[in-house]
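See structure below.
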Amino acid sequence: MEIFWHEDCLEHDAGEGLWELAGTPEWLDEPERHPESAARLRTFRHALRHGPVAPHLTWREGRAATLDELATVHSVEYLERLREACAGPGRVALDANTVVGPGSWPAVLAAAGTTLEAARAVLDGRTRVAYALVRPPGHHAQRASADGYCLVNNAALAAQAAASAGLRVAVLDWDVHHGNGTQDVFFDRTDVLTASIHMRHGAWGPNHRQTGAPDEVGAGGRNINVELSLGAGDAAHLRALDEVVLPALRRFRPDLLVCASGFDGSAFDPNGRLSLTASGYREIGRRVAEFADRVVLTQEGGYLRGYAALCLHALVEGLLRLPEPLLEDPLAYLPDDSEINPERTTADLAAVLTTMSGDLRPLV
Ligand SMILES: [Zn+2]
């Protein structure tokens with residue numbers, strides 16, 4: 001398994017304030033760093049370099065994308081707007097919580113190019129599984145809009161590159177938030193299947209009009225949205241994979257699986273409330289590795305640095321199909337709601353199955 005990295009991803013700085021919002025209210029003594037910070041990516045790198053999984057990994061250097069490559073997914077007008085905003089002066093807010101500054105444009109190019117380089121390694125047969133450890137994240141970025149910390153849609157770029165080569169591509173997104181940007185890019189297409197498992201959160205403003213509901217099915221029913229209830233837990237997420245998404249993916253038979261990999265669904269993440277644990281991410285990784293021969297992953301959310309890094313480590317253990325966990329989870333002690341209230345998960349999953357295209361619906 002190969003990990004793709006580029007130093008320029010650390011240059012993007014969304015500033016500080018009240019969590020993700022610019023400015024500090026009078027009741028807060030010191031501003032907090034924006035959650036999507038370089039520190040989190042450094043911690044993720046450290047976990048994979050120094051954790052027990054390290055001997056299994058090969059590190060590769062990423063590269064900067066070209067404008068033409070970005071334009072395979074985004075409108076040229078949007079890219080020009082984005083580049084101008086990054087040029088400042090100072091920091092510019094593209095929506096309430098999506099901020100760019102002087103280092104953002106090199107980071108955007110590095111995140112996109114490094115993801116494309118990871119995809120190239122898989123498509124050329126140099127590795128089965130490649131993980132682009134990049135930021136800023138991308139899955140909320142739409143064809144013509146930034147959104148939710150995301151500027152350019154790295155997962156969509158990888159999927160588009162493979163689709164342009166004539167491959168059948170599926171995108172699986174397990175960030176706690178709906179992968180609305182990827183949905184937007186491929187909504188009218190039948191050659192790319194997009195599936196997102198996320199917390200039920202709905203639309204959140206002018207840059208995020210998609211709700212992530214199951215009835216947003218896209219052309220040919222090739223967009224699958226699984227909304228899980230607040231605090232659903234590991235068992236719910238794995239049921240969503242086993243009972244809904246993986247059966248649909250098996251019927252779609254993609255040549256390449258692109259994963260938008262977020263850890264903000266963890267029980268300890270300040271930006272999400274799905275109550276997954278490191279063990280859940282390990283099982284997600286195992287299922288992905290068992291399903292797909294060729295996998296490209298790109299880093300999305302995950303904002304409690306330490307626990308998100310543990311979840312990344314566990315996911316990678318699963319992707320490697322290691323027989324036993326290599327790290328203890330010192331924090332996972334919460335009850336799993338999906339085991340206490342399985343009927344709630346059943347209802348969430350039934351809502352998706354009723355909207356699913358007949359040729360993708362699981363055979364019973
Ligand atoms: Zn997220």
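Read-outs: derived from the displayed coordinates by stated rules, not from any lab. It should be emphasised that the depicted structure is a prediction, and the values quoted were computed from it without experimental measurement. Positions of Cβ are generated from backbone atoms using ideal geometry, with glycine treated the same way; all protein chains shown enter the neighbour counts.
Largest first, the three principal axis extents of the alpha carbons in the range 2-353 are 52, 51, 44 Å in whole numbers.
Estimate the FRET efficiency between Ala71 and Glu7 by the formula 1/(1 + (r/R0)^6), using the beta-carbon distance for r and 25 Å for R0, to the nearest 0.05.
Step by step, r from the Cβ atoms, then E = 0.50.
Using a 10 Å cut-off on Cβ atoms, rank the peptides 34-43, 63-72 from the highest mean neighbour count down.
34-43, 63-72
Listed values for the range 201-213 are Karplus-derived 3J(HN,Hα) couplings in whole Hz (6.51 cos²θ - 1.76 cosθ + 1.60, θ = phi - 60°), namely 10, x, 6, 9, x, x, 8, 9, 7, 5, 9, x, 7, and x replaces Gly and Pro. Label-to-label distance, Leu28 versus Leu322, with points set 7 angstrom from Cα along the beta-carbon direction: 3.7 nm. Rounded to the nearest 20, the size of the Cβ-charge dipole of the chain about its Cα centre is 1020 debye, with Lys and Arg at +1 and Asp and Glu at -1.
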